[in-house]
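The structure under discussion appears below in the form of structure tokens.
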Amino acid sequence: MNIDIIKLPCTMIDIGDSDESFKLFFDRFDEGQTEHSIQNNGLSGIFKAEYKCRGMNCCFDIDLTIGNLYYFNYDLDTAWDIHFGRNAKAVLRNYGDICRSELVFTFDESGRCTVRGKFKNSECGFKNGISFEMEIDRSQITDQTVAMTRFFDKLAEIQGNRNFN
């Protein structure tokens, strides 16, 4: 298993500007994975959220899987394609009933994109976290989907398949 083809940390989402920004990145692979477990269950690892604005600069581990991000990439690309003249949205959310990680991109009928996020810090047992809402330039969407697609292409090369759980 050659995981060196992915430079870590690997940024998946990078939105905002100098006044307010959010980044989601794949920080590291889980330890103890074997070639057998990877081929049967796929790669797994730790994601981090980073949020910066005036008076706040935080970065912490969050509850997401590669599968969560994989399906979100498809949803974001689809929402971006149909956003003109329609209300469309893409939701990135952790598995399970308890919401510990959520990022929602919403496109309105005028083409504006609003991003809302709620992330709880897994490093402290999900007792605290952040919540934000910002408008972003629609031109940033393409960069996000391209970054995620490249990431999944590299993961598929490592795994030998495109089964992302």
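General remarks:
- Residues of region 17-32 that are open to solvent by 30 Å² or more (accessible area, probe 1.4 Å) and over 17 Å from residue 154 (Cα atoms): 17, 18, 19, 20, 23, 31, 32.
- Considering residues of region 93-103 that are out of contact with any Asp or Glu (no Cβ under 7 Å at 6 or more places or on another chain) and charged (D, E, K, R) only, the residue most open to solvent (accessible area, probe 1.4 Å): 97
- Residue, modelled with the lowest pLDDT, within region 123-140, restricted to residues that are in a helix (DSSP H, G or I) and closer than 19 Å to residue 64 by Cβ: 124
- Cβ-Cβ under 8 Å pairs, at least 6 apart or on other chains, region 123-145 side over 12 Å from residue 14 (Cα atoms), far side among the hydroxyl-bearing types (Ser, Thr, Tyr) and surrounded by 12 or more Cβ atoms within 10 Å (Cβ to Cβ): 130/51; 132/51; 133/114; 134/114; 135/114
- The one condition in (1) under 22 Å from residue 125 (Cβ atoms); (2) of a type outside the set (Gly, Ala, Ser); (3) under 12 Å from the mean Cα position of the chain (by Cα); (4) open to solvent by 60 Å² or more (accessible area, probe 1.4 Å) that residue 64 fails to fulfil: (4)
- Flag for residue 106 being touching a residue at least 12 places away in the same chain (Cβ under 8 Å), of a type in the set (Val, Ile, Thr), farther than 24 Å from residue 30 by Cβ and open to solvent by less than 30 Å² (accessible area, probe 1.4 Å): no
- Region 111-126 - residue that is within 18 Å of residue 90 (Cβ to Cβ) and open to solvent by less than 90 Å² (accessible area, probe 1.4 Å) and, of those, farthest from the chain's Cα centre (by Cα): 111
- Test result for residue 54, at pLDDT below 90 and either touching a helix residue (DSSP H, G or I) at 6+ places or on another chain (Cβ under 6 Å) or open to solvent by 20 Å² or more (accessible area, probe 1.4 Å) (or both): no
- Selected residue (criterion: farthest from residue 26 (Cα to Cα)) from residues of region 67-92 that are at pLDDT 85 or above and open to solvent by 80 Å² or more (accessible area, probe 1.4 Å): 89
- Selection within region 150-165 - open to solvent by less than 60 Å² (accessible area, probe 1.4 Å) and either in contact (Cβ under 8 Å) with a residue 24 or more places away in the chain or in a strand (DSSP E or B) (or both): 151, 152, 155, 158, 159, 161, 164
The values are calculated or read from the model by the stated rules, or taken from the named source; none is laboratory data. Just so it is clear, the model here is predicted, and its values are computed rather than measured. We place every Cβ from the backbone using ideal geometry, glycine too, and count neighbours over all the protein chains shown. In case anyone asks, the SASA skips ligands and DNA or RNA and just uses the protein heavy atoms, side chains included. Shrake-Rupley method; radii C 1.70, N 1.55, O 1.52, S 1.80 Å.
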